[in-house]
Number of protein chains: 2
Amino acid sequence: MVETGRSLMEAVRERCGRCPGRSVSICNVIEDQDLPALVAESSRVVVQAGRCFIQEGAPAHDFYVLTGGRAKLFSLMPDGRRQIVGFAEVGDFLGLASSESYAFTAEALGEVTLCRFPHSAIDRLVERFPRLHGRLQQEASSELVKMQARLMLLGRKTARERLASFLVEQASPCCAHALKDEHGPLTLSLPMSRTDIADYLGLTIETVSRTFSLFRKEGLISIRGASSVTLLSPGLLSDMAGGIKRS
Amino acid sequence: MVETGRSLMEAVRERCGRCPGRSVSICNVIEDQDLPALVAESSRVVVQAGRCFIQEGAPAHDFYVLTGGRAKLFSLMPDGRRQIVGFAEVGDFLGLASSESYAFTAEALGEVTLCRFPHSAIDRLVERFPRLHGRLQQEASSELVKMQARLMLLGRKTARERLASFLVEQASPCCAHALKDEHGPLTLSLPMSRTDIADYLGLTIETVSRTFSLFRKEGLISIRGASSVTLLSPGLLSDMAGGIKRS
DNA sequence: CCCATTTTTTGATATAGATCAATTTCTAGA
DNA sequence: TCTAGAAATTGATCTATATCAAAAAATGGG
């Protein structure tokens with residue numbers, strides 16, 4: 001099925017026109033006039049809450065750019081132990097994990113929209129738009145750096161430090177500078193359950209809950225209905241996340 | 001300083017002729033006749049035991065291909081807590097971690113030899129040898145998959161499972177197939193200290209030592225002088241590493 | 001709006017692994 | 001080969017977090 005130039009232009013306007021991923025994903029190295037090539041090589045995917053769009057162990061045929069919503073990425077052990085290896089946000093490039101088969105499962109938290117690129121399509125696009133090379137490399141490198149920080153978190157940080165790190169990480173897409181300076185309260189909406197947070201931080205749900213309560217009693221955060229958290233002292237939390245004890 | 005064609009050819013013979021990394025590193029997508037370009041863009045580095053060749057936080061100017069020996073890669077917290085994020089082996093591509101500054105320190109375990117490529121050199125080489133793109137991407141992807149496995153290890157595995165995973169991982173470069181089948185004993189020489197193993201596995205040195213002793217008493221391994229370990233039941237250890245309990 | 005179900009919080013207790021403290025075993029230099 | 005210092009092992013005890021068990025709060029369908 002070949003799209004006509006006309007309908008392709010319409011597709012570009014529809015898909016990329018107001019895409020929140022346009023400026024933060026790998027697409028940001030593509031000029032507006034070249035978007036049709038991207039749209040022609042990819043397809044839009046909508047995934048409902050709780051559904052998986054990448055399956056651990058399945059043959060890896062596609063890459064994805066997340067353009068709406070959030071997703072959790074995890075692997076399982078045979079007995080059901082679960083480790084969440086990351087939360088994906090708008091702009092993230094997924095599926096890079098392996099050449100043969102996916103190393104993790106990706107499940108939508110709320111409704112998720114994606115652009116799916118078959119591996120062959122990425123190959124063609126990279127050939128046509130050389131700047132994509134560097135951009136993909138950059139994506140992989142930044143993911144690698146995040147992974148190293150997570151290893152430190154899981155290997156060496158206490159429960160308090162882990163939760164503080166998580167809150168600061170969730171906050172940083174919003175306002176990175178607010179954490180350094182002693183800026184005011186910062187409200188986050190957490191789309192993931194306590195179980196998800198526990199499986200991300202290598203803790204149990206009870207420890208996560210208790211630590212949230214402790215932070216609340218200490219005046220570090222305030223909680224509204226389990227999914228809305230306000231960081232009352234972002235600076236203190238940021239220091240705690242890094243293992244720094246204030247006098 | 002421009003090398004003459006003559007001395008460049010000599011340098012290629014000397015550097016690449018018997019390089020153990022030739023067939024396993026990113027160099028394996030470069031034809032023999034193109035090696036001079038690689039040699040011209042890189043420099044050989046020799047690092048003595050215990051010395052660092054990448055410093056966490058330092059500006060990242062170079063990439064490295066490890067061509068001899070082994071290295072430990074780690075990050076530190078302000079109070080000295082340490083997490084080893086990986087052990088590098090012959091063929092590994094290092095420095096990919098970040099665009100601005102290195103995210104970890106790399107320290108030689110024993111003498112290490114490297115080929116150092118400035119970022120700009122890699123850019124030129126990638127342009128000249130397009131196959132390098134895919135090879136670099138592959139390197140990043142495989143590292144990412146390893147990282148995900150390490151997250152599971154640190155977040156969800158027991159001390160026994162962690163040490164079993166470590167031993168199996170150390171063994172796999174040697175003989176991957178010997179682990180699946182019920183093949184015979186497999187001797188490893190571990191160039192890293194118990195402290196290094198502990199900081200890699202998110203445990204204390206005492207727990208690592210105790211777990212080694214337990215494995216020995218259970219007939220899973222035999223130990224000769226702390227750095228030489230023989231896996232007596234690689235299959236059992238492999239199952240334990242994956243969280244599988246045999247009847 | 002209400003009730004059944006699920007999720008979260010809180011409490012009591014258990015335990016894997018950490019910490020503190022000796023020994024023992026290696027290793028490198030004389 | 002011997003020996004001092006370092007590294008590893010082993011033992012005793014502690015503790016942060018897990019586990020088990022309710023209670024409380026949130027959520028969603030009718």
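Data for the structure
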| item | result |
| --- | --- |
| 19 Å reach of a label modelled at A:CYS52, 7 Å along Cα-to-Cβ, counting backbone N of the range A:109-131 | A:109-114 |
| Other-copy label distances relative to B:SER43, 7 angstrom Cα-Cβ extension, nm | 5.2 |
| Shielding by partners, peptide A:82-90 (average Cβ within 10 angstrom, other chains) | 3 |
| With every protein chain in place, chain B: carbon and sulfur % of accessible area (1.4 Å) | 52 percent |
| Rounded to the nearest 10 Å², the accessible area of A:THR113 at probe 1.4 Å | 30 Å² |
| For chain B, the longest site-free run once GluC sites (Glu not before Pro) in DSSP loop states with at most 10 other Cβ atoms within 10 Å are removed | B:101-181 |
| Furthest towards positive pole of dipole, B:VAL29, B:SER7, B:MET77, structure part the range B:1-86, Cβ charges | B:MET77 |
| Listed residues B:LEU136, B:GLY242, B:SER172: farthest to the positive end of the dipole of chain B (Cβ charges) | B:GLY242 |
| Sum of -39500 (n - 2.57) over DSSP H runs of 4+, divided by residues of chain B (222 nm, nearest 500) | -12500 deg cm²/dmol |
| A:HIS133 accessible area, assembled protein chains, probe 1.4 Å, Å² | 40 Å² |
| Cα-centred dipole magnitude for the range A:157-241, charges only on beta-carbon of K, R (+1) and D, E (-1), debye, nearest 20 | 220 debye |
| Peptide-level mean, for B:137-147, of C-beta atoms on other protein chains within 10 Å | 6 |
| Where Cα atoms sit under 19 Å apart: lysine pairs in chain A separated by 8 or more or lying on different chains | 6 |
| Per residue accessible area of chain B, 1.4 Å probe, in Å² | 47 Å² |
| Solvent-accessible area buried by pairing A with B, both sides, nearest 100 square angstrom, 1.4 angstrom probe | 3500 Å² |
| Two-decimal log10 I(q)/I(0) for the protein assembly as shown, as the Debye equation yields it once each C-alpha is a single scatterer, q = 0.06, 0.07, 0.09, 0.14 Å⁻¹ | -0.31, -0.42, -0.70, -1.54 |
| Reduced Cα scattering model of the range A:157-241, Debye log10 I(q)/I(0), q = 0.15, 0.17, 0.21 Å⁻¹ | -0.46, -0.60, -0.95 |
| Point-charge dipole on Cβ atoms (K/R +1, D/E -1) for chain B, about Cα centre, debye to 20 | 820 debye |
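The values are calculated or read from the model by the stated rules, or taken from the named source; none is laboratory data. This structure is a prediction, so every number in the text was calculated from the model and none was measured. Ideal geometry is used to build each Cβ from the backbone, glycine not excepted, and the neighbour counts take in all protein chains shown. Note: accessible area is taken over every heavy atom of the protein model, side chains too, but ligands, DNA and RNA are not part of it. Shrake-Rupley method; radii C 1.70, N 1.55, O 1.52, S 1.80 Å.
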